[in-house]
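A short worksheet on the structure shown next.
Each reported figure results from applying straightforward, stated rules to the coordinates on display, with no laboratory input. Owing to the predicted nature of the structure, the values given are computational and were not obtained by experimental measurement. Glycine also receives a Cβ, built like all others from the backbone with ideal geometry; neighbour counts cover every protein chain displayed.
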Amino acid sequence: MQTTLQSSTTFSRPESGFTVFWRAFRKSRTGLVGLIMLAIAIFVALFAPAIAPYENAAATSVGIADIYQPPSAAHILGTDDAGQDVFTNFIFGARVSLTVGFFAAFISIFIGGIFGLVAGFFGGRWETFLMRLTDVMLVIPDLPLTVVIVALTKPSLMNIIFVIGILGWTTTARVVRSQTLAVKSRKFVLRARAIGAGRLHILTRHVLPLVMPILVVQAVLAISLAILNESTLSFIGLGDPTAPSWGQMLNFAFGRGAMSVGAWWALVVPGFGIVWVVLSLTLLGQGLEQVLNPRLDTHHLMPGRPKVGTEAQAAHPARDIILDVRNISIHYINEGKPPARAVENVSLSLREGDLLGLVGESGCGKTTLMLSLLNLLPAAGQVVNGNVYYKGRDLTAMNEDEINNIRWSRISIIFQGAMNALNPVRTVGDQIAEAILKHNPAFPKNKVPERVAELLDLVGIASAHSDHFPHQYSGGMRQRAMIAMALACNPDVVIADEPTTALDVMIQAQILELLDELRKKLGLSVIFVTHDLGVVAELCDRVLVMYGGVTAEYAGVDTIYNEPKHPYTQELLKAFPDLTKPKKKLSSIPGYPPRLDDLPAGCRFAPRCPAVFDRCQMEEPGLHVLKNDHHVGCHLAEGSK
Amino acid sequence: MKKPANAKFLETRGLKKYFDAGKRWIFSPNIKKVHAVDGVSLTLRRSEVLALVGESGCGKTTLGLMLMGLEEPTDGTIFFEGRDITHLADHERKDLRRKIQMVFQDPYESLNPTQTVKEIISEPLHVHNIGESQQERDERVIKALEDAGLKPADTYLTRFPHELSGGQRQRVVIAAALVLEPEIIVADEPVSMLDVSIRAEVINLLAELRISRQIAVIFITHDLGSVGFFADRVAVMYLGRIVEIGTMLDVLERPQHPYTKALLSVIPVPNPRLRHERIILKGETPNPVEIPPGCRFHPRCPVAFDACRLSDPPMTTVSKTHQAACLLMPK
């Protein structure tokens with residue numbers, strides 16, 4: 001069965017996995033340098049007889065005069081204690097060191113890989129046995145054990161390879177086991193079981209491909225460890241005398257007076273070899289890890305880069321507008337690719353005590369827009385145009401220090417996915433206290449617990465739960481804790497980014513009710529980001545519907561739901577289940593939202609629009625303002641009142 | 001395929017699943033149990049859509065996994081076409097797996113990121129040794145993709161999951177289930193991770209499949225609002241038990257149990273003019289380790305009275321198609 005599976009995978013792919021890997025790896029400078037350094041070392045080792053000026057281990061002419069000769073034309077790196085050419089020995093030493101490294105690493109990775117996979121995948125007694133064995137092996141110091149075993153057996157190259165290999169599997173076994181456990185718990189493994197796949201099938205087809213990258217990185221590191229171990233063994237005189245490695249060169253030079261006669265070349269040259277290879281492998285390992293380890297592949301939130309073309313303008317906003325976003329455009333700049341126009345020319349204003357709903361599908365730019373308000377865009381994101389005024393001050397013109405005074409203490413944000421936004425190893429109360437003190441260092445320390453209890457009470461959590469860890473909280477409570485953190489510094493504006501998306505309907509209703517209460521009690525202004533038009537209908541004052549990075553429609557809540565003018569809003573409302581008319585087929589919007597780096601020429605909604613006509617394909621519609629402050633980004637709204 | 005449409009097809013009797021809460025210690029032989037599913041009896045008819053509704057922690061997912069044979073029931077029995085399938089060895093279950101397939105909640109997690117769409121969908125065929133030739137298998141893969149609404153199918157074959165949108169991924173998961181030509185699909189929250197605009201198309205797809213392929217669907221969800229369209233019957237679960245079951249109209253229009261009424265009231269209505277009274281229950285589903293005495297819903301019930309703390313209400317018949325378990329129901 002396995003063979004038939006294998007043959008089906010050779011089915012035509014657009015590009016092989018290796019091509020994809022290579023394209024990513026090429027970008028890692030450390031990895032490339034390591035690879036080139038290693039390639040040079042391997043080249044030297046392979047073609048040693050051709051490169052070396054003398055024959056291996058052949059004393060050119062043994063005489064006292066030849067011992068420890070400094071570098072000269074005949075011996076470019078001098079001679080050693082036996083009058084042999086150091087350069088020649090160095091070249092042939094590379095062969096021995098690399099051979100030991102590769103073979104020993106192969107043995108460790110093989111054993112460690114199998115032990116880790118079996119322990120992680122099958123669990124139970126196998127896991128207990130193998131992991132206890134690993135623990136015991138880890139407790140025994142490697143090097144003395146290696147020394148003892150090699151000293152007891154004949155110090156041949158083969159023995160050295162085996163001993164180093166067999167003692168070096170423990171780290172690999174642990175790393176592979178934890179990766180296997182992580183992969184095993186993923187849903188696609190459960191789905192494979194539901195299909196009826198056996199264990200062997202799941203292990204080879206689902207677990208191994210995801211463990212492989214980590215195994216490769218481990219292998220590279222194991223090689224460098226094995227080379228170091230071999231050098232140490234040789235240096236203390238336990239190397240194979242018939243196969244002189246770099247470690248042995250060091251041993252001979254050190255033991256036979258190179259230091260006393262000042263023959264530095266006999267020590268520096270082999271040392272350089274060891275450093276070169278180990279460094280190359282470490283760099284290569286680092287480069288591979290960057291490309292292969294999915295856990296490192298995240299883009300972090302960073303302070304934005306200097307912005308293009310922003311200047312502080314004197315603003316005169318209407319009196320009670322607290323946050324005023326004017327014509328903001330944000331692009332993600334990717335090297336060698338067209339910029340992704342994530343947000344273009346979006347304006348909104350938030351009045352004191354208002355609740356504004358920001359609605360759109362995933363990838364419509366709504367989260368980008370919100371992050372830009374706090375200057376929290378990922379490094380590739382840039383505000384290319386427009387201004388954000390908070391009480392008349394332009395946030396886009398502020399430096400990092402100035403914005404730090406506003407971020408969280410004046411404008412705070414409740415992130416989506418409360419579990420990931422809380423630190424799992426600290427208590428919830430501790431994290432709320434941190435939020436208070438970080439933005440208000442002068443806050444009296446003895447009042448902090450009181451304030452934490454007050455905040456928890458505000459969001460409906462008994463203060464007894466303050467000492468609990470996030471995993472002891474339910475999903476709804478975690479979201480409440482996130483709200484408490486957002487309120488820690490008495491902000492004026494709270495941005496709630498999909499705060500209820502992963503929650504059950506009942507908990508969702510509780511959270512919405514809480515936000516509405518807090519808004520009335522504390523006079524907060526709230527921007528509520530969601531993909532669900534139904535959620536915001538009950539509490540919003542105004543709604544901004546975004547599509548593909550632009551404003552589709554922006555109006556008061558009643559207008560949006562009862563007199564929508566943009567076809568997208570109309571379609572969204574139709575896609576909504578209406579329980580008063582059950583058994584009616586749901587209407588869905590065909591197609592998918594546009595990719596922001598590959599937008600259609602005219603209106604961004606044109607490819608999915610039921611009311612599309614010629615002009616939409618060519619000309620991007622402007623934002624038309626109708627009565628009651630109703631903004632519509634559609635050609636059809638032009639001229640209507 | 002011609003079998004009576006209302007014949008008992010899948011049936012559970014008193015199904016229970018208890019998990020151990022914590023590890024067993026030498027000195028404490030009686031360890032606490034998590035009562036995930038605590039006595040569920042229901043039937044599914046051929047090509048019927050049954051919605052299983054409840055909050056997280058009510059046991060609806062565990063129930064689905066037991067029907068799939070992915071969790072071993074602690075007690076009770078499951079019958080499929082009259083045959084007891086409660087405890088089967090792996091090789092006995094293999095043929096059954098073809099007939100009962102599952103669609104999971106998170107289309108991002110339930111696809112292996114290193115496999116192409118073609119590999120994902122042809123995998124079940126290899127596992128079950130279906131198809132005489134590669135060509136026949138390819139045809140089946142294409143048909144499954146097209147039935148799942150991914151047209152033209154050949155443009156999707158070589159793509160990897162990360163190159164697809166959420167809705168497309170969920171269609172791939174459905175296609176991988178369809179390729180085995182199942183008779184039942186257990187769909188565990190198939191749309192709750194998707195945007196509203198995409199939810200409709202996945203629900204419509206399942207609704208079409210039950211008509212075109214006569215597939216029965218068990219639709220597990222926390223959102224009563226999303227099942228109104230195509231469910232024939234709705235079962236509302238609370239803390240491991242079914243508290244109300246009936247046809248869709250029974251439950252939506254004549255809800256009997258206070259829990260059902262509360263769930264109905266919090267469905268978001270996309271119209272500010274229809275702002276209505278919502279019954280927002282306090283707290284969350286209690287810990288299923290310590291089930292409240294009496295009616296298990298009484299601590300959160302807005303209309304609970306003294307008797308509710310003492311007696312556990314039995315399932316009472318409202319009409320031929322409608323049952324609920326509440327002491328307030330007219331006898």
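Rounded to the nearest Hz, the phi-derived 3J(HN,Hα) couplings of segment A:402-410 under the Karplus curve 6.51 cos²θ - 1.76 cosθ + 1.60 (θ = phi - 60°) are 5, 6, 4, 6, 9, 4, 6, 7, 10, where x marks glycine and proline.
Work through the residues other than B:Gln256 whose Cβ is under 10 Å from its Cβ and net out their charges, Lys, Arg +1 and Asp, Glu -1. My count for the surroundings of B:Gln256 gives 0.
Spatially, segment B:160-193 and segment A:487-557 are offset by 31 Å when compared through their Cα centroids.
Expressed as a whole number of Å, what is the distance separating the alpha-carbon centroids of segment A:383-432 and segment A:234-285? Answer, in whole Å: 55.
Calculated mean residue ellipticity, 222 nm, chain A: -15000 deg cm²/dmol, from DSSP H runs (n ≥ 4) at -39500 (n - 2.57) each, averaged per residue and rounded to 500.
Rounded to the nearest Hz, the phi-derived 3J(HN,Hα) couplings of segment A:594-600 under the Karplus curve 6.51 cos²θ - 1.76 cosθ + 1.60 (θ = phi - 60°) are x, 6, 6, 9, 8, 7, x, where x marks glycine and proline. Calculated on C-alpha atoms, the gyration radius of segment A:321-371 divided by its Kirkwood radius gives an Rg/Rh of 1.05. Within segment B:29-121, the trypsin sites (Lys or Arg not before Pro) that combine a DSSP coil assignment with at most 14 other C-beta atoms in a 10 angstrom radius are B:Lys32. Between helix B:166-178 and chain B there is an angle of about 80 degrees, using the helix long axis and the longest principal axis of the Cα atoms.
Put simply, segment B:160-273 fits an ellipsoid with semi-axes of 27, 18, 12 Å; these come from the alpha carbon gyration tensor as the roots of five times its eigenvalues, largest first.
Take each residue of peptide A:505-518, count the partner chain Cβ atoms within 10 Å of its Cβ, and average: the result is 5. Its alpha carbons considered, segment A:488-558 gives a radius of gyration followed by a Dmax of 12.7, 35 Å. For chain A, excluding the exposed loop sites themselves (GluC sites (Glu not before Pro), DSSP loop, at most 10 other Cβ atoms within 10 Å), the longest remaining stretch covers A:336-641. With a cut-off of 11 Å between beta carbons, the residues surrounding A:Phe92 carry a summed charge of -1, where Lys and Arg count +1 and Asp and Glu -1. Loop sites here are GluC sites (Glu not before Pro) outside DSSP states H, G, I, E and B with no more than 13 other Cβ atoms within 10 Å. The longest part of chain B free of them is B:133-276. Using a cutoff of 8 angstrom between alpha carbon atoms and counting only pairs six or more residues apart, the relative contact order for chain B works out to 20 percent.
Could you tell me whether chain A comes out rounded, prolate or oblate from its Cα gyration tensor? Rule is a ≥ b ≥ c as square roots of the eigenvalues, rounded for a/c under 1.5, then prolate if a/b exceeds b/c, otherwise oblate.
Details: a/c = 2.27, a/b = 2.22, b/c = 1.02.
Since a/c reaches 1.5 and a/b is larger than b/c, the shape of chain A is classed as prolate.
Helix A:170-184: angle to the longest alpha-carbon principal axis of chain A, degrees 0 to 90, nearest 10? It is inclined by approximately 30 degrees.
Please give the FRET efficiency for A:Ala462 paired with B:Arg254, using the beta carbon to beta carbon distance and R0 = 30 Å, rounded to the nearest 0.05. Working shown, then result.
Details: r = 38 Å, r/R0 = 1.26.
Rounded to the nearest 0.05, the efficiency is 0.20.
Can you bin chain B into rounded, prolate or oblate? Criterion: square roots of the alpha carbon gyration tensor eigenvalues sorted a ≥ b ≥ c, rounded for a/c under 1.5, prolate for a/b above b/c, oblate for the rest. The shape class here is prolate.
For segment A:371-442, what relative contact order do you get, as a whole percent, if you take Cα pairs closer than 8 Å and at least 6 residues apart? Numbers along the way, then the final one.
Numbers: 25 pairs, mean separation 16.2, N = 72.
Value for segment A:371-442: 23 percent.
Judged by a Cβ-Cβ distance under 4.7 Å, the unpaired cysteines of chain A are A:Cys364, A:Cys489, A:Cys540, A:Cys609, A:Cys634.
With a Förster radius of 35 Å applied to the beta-carbon distance between B:Lys143 and B:Thr321, the computed FRET efficiency rounds to 0.45.
First measure r as the distance between the Cβ atoms of A:Leu522 and A:Ala39, then evaluate 1/(1 + (r/R0)^6) with R0 = 56 Å and state the FRET efficiency to the nearest 0.05. Don't skip to the end; give the middle numbers.
Working: r = 64 Å, r/R0 = 1.14.
Computed FRET efficiency for A:Leu522 and A:Ala39 comes out at 0.30.
DSSP assigns beta bridges within chain A; of those with both partners inside it, close to 60 percent run antiparallel. Over segment A:79-220, what relative contact order in percent results from Cα pairs under 8 Å that are six or more residues apart? Normalised by residue count, the contact order of segment A:79-220 is 33 percent. Relative to one another, the C-alpha centroids of segment B:258-320 and segment B:44-89 are positioned 24 Å apart. For segment B:238-310, taking Cα atoms only, Rg and Dmax work out to 13.9, 42 Å respectively. Under 5 Å between amide hydrogens, built in the peptide plane, is the criterion, and for A:Ile330 it picks out A:Ala342, A:Val343, A:Glu344, A:Asn345, A:Val384 among residues at least 5 positions away or on other chains.
Computed from backbone phi with θ = phi - 60° and the Karplus coefficients 6.51, -1.76 and 1.60, the 3J(HN,Hα) list for segment A:387-393 is 9, 10, 9, 10, 6, x, 9 Hz; x is used for glycine and proline.
Under 5 Å from the amide H of A:Leu626 lie the amide H atoms of A:His631, A:Val632, each residue being 5 or more positions distant or on a separate chain, with H modelled from the backbone and absent for Pro and chain starts.
Shape of segment A:104-211 from the C-alpha gyration tensor: prolate (a/c of 1.5 or more and a/b above b/c, with a ≥ b ≥ c the square roots of its eigenvalues).
Among the trypsin sites (Lys or Arg not before Pro) within segment B:148-251, which fall in a DSSP loop and have no more than 16 other Cβ atoms within 10 Å of their own Cβ? Spell out each step's value before the answer.
Working: sites: B:Arg159, B:Arg169, B:Arg171, B:Arg199, B:Arg210, B:Arg213, B:Arg233, B:Arg241; in loops: B:Arg159, B:Arg213.
Of the trypsin sites (Lys or Arg not before Pro), the ones in loops of segment B:148-251 whose Cβ has at most 16 other Cβ atoms within 10 Å are B:Arg213.
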